[in-house]
Amino acid sequence: MKVILSLTLFLSSISFTYAQNQVEYNLQQMLSDGRIITVPAYGTRPLTDSMQEAITTKGIVWLKGIDFKEGTIDLDLRGKDAFLNSFLGIAFYGTDTSNCDIIYFRPFNFHHADSARWKWSLAYMHIPDNNYAKLRKEHPGVYENSIINAPKADQWFHATIVIENRHARVFVNHAGIPSLDVTLLNNRSDGLFGLYSDGLTNDFAHLRILVKNP
């Protein structure tokens, strides 16, 4: 009986420690508190539609107070069905907006009439040394991929991004198989963390980060 009780307490302590490492970020509150680094040209503002705690923005906006090295990132995103005008995802391991890793979606390709473009729905790049054009030319099909059961281009979807051991895996809408699995090209293992949005403004909500246990 003592053994069973001890084992139960041990497992409970593991679960508690694991849960303590997950942090939820209310993006609207962060914006109100000045914890999102933005400029007027980015059009960053709270959203008032059905998705709670959501903001819309463009550019790369860094989030203050996040020290991300490895772990799992969960967030909800919504782009636009606007050809070559809606790109959105996360930026990490950054020193500034010109030097960082980026994992991002191209919603206009999710269900494009030309099915050849589906394989360009989700991508990884490291700027400035390995932008999408260079990677597509030198490593076709490696750093870009289609999305399993892709959502509509203009609807909210969920992304789970697991970054560990110099790899990144991206799961969309809780799929059991990653839509993208790549080796990172940046030698850094920490740096600035933020949201990436290019073209038109795009929408983000419900950011949660579960850091890897030491």
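The values are calculated or read from the model by the stated rules, or taken from the named source; none is laboratory data. In this text, all values refer to a predicted model and were calculated from it rather than measured experimentally. For neighbour counting, all protein chains shown are included, and Cβ atoms are generated from backbone atoms with ideal geometry for every residue, glycine included. Accessible surface is based on the protein model in full, side chains and every heavy atom, while ligands, DNA and RNA are left aside. Shrake-Rupley method; radii C 1.70, N 1.55, O 1.52, S 1.80 Å.
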Worksheet item: Nearest 10 degrees, 0 to 90: what angle lies between the long axis of helix 2-20 and the longest principal axis of the chain (Cα atoms)?
Response: 30
Worksheet item: So what J values fall out for the range 95-110 if you push phi through Karplus, 6.51 cos²θ - 1.76 cosθ + 1.60 with θ = phi - 60°, rounded to Hz, Gly and Pro as x?
Response: 9, 6, 6, 9, 9, 5, 9, 9, 10, 8, 10, 10, x, 5, 9, 3
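Rounding to the nearest 20 debye, state how big the charge dipole of the chain is about its Cα centre with +1 on each Lys and Arg Cβ and -1 on each Asp and Glu Cβ. Can you show the working numbers first?
Details: 20 positive and 21 negative charges, 47 e Å.
Magnitude of the dipole: close to 220 debye.
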Worksheet item: How many percent of Cα pairs in the chain exceed 26 Å?
Response: 35
Practice prompt. Choose one answer from Ala113, Ala123, Ala153: the residue with the largest mean-square fluctuation in a GNM of the chain with alpha-carbon springs under 10 Å.
Written response: Ala113
Worksheet item: Which one of Asp96, Asp181, Asp154 has the biggest mean-square fluctuation once the chain is modelled by GNM with Cα springs under 10 Å?
Response: Asp96
Practice prompt. Search the structure for amide H atoms under 5 Å from the amide H of Ser146, placed 1.01 Å from N in the peptide plane, and list their residues when 5 or more places away or on another chain.
Written response: Ser121
Discussion item. For a quick check of understanding: with a 1.4 angstrom probe and all protein chains in place, what accessible area in square angstrom does Arg136 have, to the nearest ten?
Written reply: 70
Worksheet entry | Dimensionless Rg/Rh of the range 22-113 - Kirkwood Rh, Rg from C-alpha atoms | 0.95
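Considering only DSSP states other than H, G, I, E and B, which chymotrypsin sites (Phe, Trp or Tyr not before Pro) in the range 44-122 qualify as loop sites with at most 14 other Cβ atoms within 10 Å? Can you show the working numbers first?
Details: sites: Trp62, Phe68, Phe83, Phe87, Phe92, Tyr93, Tyr104, Phe105, Phe108, Phe110, Trp118, Trp120; in loops: Phe68, Phe83, Phe110.
In loop regions of the range 44-122 (DSSP not H, G, I, E or B), the sparsely surrounded chymotrypsin sites (Phe, Trp or Tyr not before Pro) are Phe83.
State the percentage of accessible surface on the chain attributable to carbon and sulfur atoms; use a 1.4 Å probe and exclude ligands, DNA and RNA.
Of all accessible area on the chain, carbon and sulfur atoms account for 54 percent.
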Worksheet entry | Gaussian network model of the chain, springs between alpha carbon atoms under 10 Å - residue of Glu24, Glu144, Glu164 with greatest fluctuation | Glu24
Item to complete: Take Glu138, project a point 7 Å from its Cα along the Cβ direction, then tell me which residues of the range 88-104 have their backbone nitrogen under 15 Å from it.
Response: none
Worksheet entry | 14 Å reach of a label modelled at Arg117, 7 Å along Cα-to-Cβ, counting backbone N of the range 27-60 | none
Discussion item. Probe of 1.4 angstrom, ligands and nucleic acids ignored: what's the accessible area per residue over the chain, in square angstrom?
Written reply: 52
